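Student: One structure, pasted below without further comment.
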Amino acid sequence: MEQNIFLPFVLVLIVSLGGAFSQTPTQPIVCSARSNTSCEECLNNVTCLWCYSNKKCIDYPVKNILPPKSLCELSSARWGVCWVDFQALIITISVLAGILLLSIIICCCCCCRKKRNPGPDKDEEKIKRQNEQRKIRQEERKNEMRMRHEEIRQKYGLTKETPYSRFENS
């Protein structure tokens, strides 16, 4: 049973390895051969760097992260795409990295603050206490008013027990 499960995986592995080994190796394209052509043609090869100032296609200096000024100015250097120079690329990446870092720091601070203070806020507790005290005072006033009304009714003989009693006396 287990052999039936693994058989398709083994077949796919053999076919993919056979396809990889059967390909003929391609000749590496020298970037300097594409000088005095177009930027798009030069940048078809990922290892090439196009310099707009002297219209040369150069091998990318892999030992340096950025091409040195002696090779090509940053504002004239293109790599990957023709419409973005290295200077704009560096500025854009720096700004995006700064925004990303700042947002991560803000999120961490907000999460830590919530974890440190999980209970209700002091202001919220104060407001709740004040609301409860108001409700208690309001209930007391209602009871006082009821008592006064009862006293007045009793004084003038208007009791709540029989509201129609004065009609019966006539």
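Student: Between residues in region 117-143 that are of a type in the set (D, E, K, R) and residues that are at pLDDT 90 or above and assigned to a helix (DSSP H, G or I), which pairs lie under 6 Å by C-beta distance while being six or more apart or on different chains?
Tutor: Close Cβ pairs (under 6 Å, with a partner that is at pLDDT 90 or above and assigned to a helix (DSSP H, G or I)) do not exist here.
Student: Among the residues that make up region 77-87, is at least one of them surrounded by 14 or more Cβ atoms within 10 Å (Cβ to Cβ), assigned to a helix (DSSP H, G or I) and either at pLDDT 85 or above or not aliphatic (A, V, I, L, M) (or both)?
Tutor: yes
Student: Right, another one. Give me a count of the residues in region 35-52 that are in a loop (DSSP other than H, G, I, E, B) and in contact with a strand residue (DSSP E or B) (Cβ under 9 Å, 6 or more places away or on another chain).
Tutor: Qualifying residue count, region 35-52: 8.
Student: So which pairs qualify, if the first residue must be in region 74-99 and in the same structural domain as residue 54 (by TED's automatic domain parsing), the second must be assigned to a helix (DSSP H, G or I) and of a type outside the set (Phe, Trp, Tyr), the Cβ gap must be under 7 Å, and the two must be at least 6 apart or on different chains?
Tutor: Matching pairs, first to second residue: 74/87; 75/87; 78/39; 82/39; 82/40.
Student: Picking from 90, 106, which residue would you name as being in a helix (DSSP H, G or I), of a type outside the set (Gly, Ala, Ser) and at pLDDT 90 or above?
Tutor: None of the other options fit; the residue is 106.
Student: Any idea which residue in region 56-76 is modelled with the highest pLDDT, counting only those that are aliphatic (A, V, I, L, M) and more than 33 Å from the chain's Cα centre (by Cα)?
Tutor: Ranking the candidates gives 58 first.
The values are calculated or read from the model by the stated rules, or taken from the named source; none is laboratory data. Predicted model, so just to flag it, every value in this text is computed and none were measured. Cβ coordinates were reconstructed from backbone atoms using ideal geometry, including for glycine residues, and neighbour counts include every protein chain displayed.
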